[in-house]
Ligand SMILES: [Zn+2]
């Protein structure tokens with residue numbers, strides 16, 4: 001790594017990071033990287049806000065704990081997010097499912113048996 005950065009210090013025109021739109025422009029490239037960095041920081045702040053809002057929604061929407069169809073433990077949290085959106089998530093094995101009703105969400109969770117789902121891999125539903 002350091003050999004490359006030494007090399008690029010001596011030959012900045014050889015560094016692909018110094019090009020913007022195919023033109024050698026180290027200053028422009030630096031500005032573009034700063035803007036990109038700010039945007040990615042803003043994006044991660046927004047994502048964190050959305051994740052926190054989702055967690056708060058779930059906390060408010062908790063209905064009951066059922067027996068998990070996969071691991072058999074009484075760890076299947078049921079959430080009523082909206083009148084027509086129920087969500088099941090096992091706190092132990094991670095299986096999940098959602099549906100328009102409690103029974104449909106449970107059925108979809110049962111249908112996912114053995115698929116290796118884990119809601120913790122995709123904690124926010126819009127990434128599933
Ligand atoms: Zn389970």
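Only one of the listed residues (32, 42, 51, 17) is over 22 Å from residue 101 (Cα atoms) and touching a residue at least 40 places away in the same chain (Cβ under 8 Å). That residue is 51. Applying the selection to the stretch 99-114, what residues are modelled with pLDDT under 95 and either at negative phi or touching a helix residue (DSSP H, G or I) at 6+ places or on another chain (Cβ under 6 Å) (or both)? Hits for the stretch 99-114: nothing passes.
Looking at residue 21, is it out of contact with any helix residue (DSSP H, G or I) (no Cβ under 7 Å at 6 or more places or on another chain), at positive phi and not assigned by TED's automatic domain parsing to the domain that holds residue 106? When the stated conditions are applied, residue 21 passes them.
The values are calculated or read from the model by the stated rules, or taken from the named source; none is laboratory data. Source: prediction; values computed, not measured. Backbone-built Cβ (ideal geometry, glycine too); neighbour counts: all protein chains shown.
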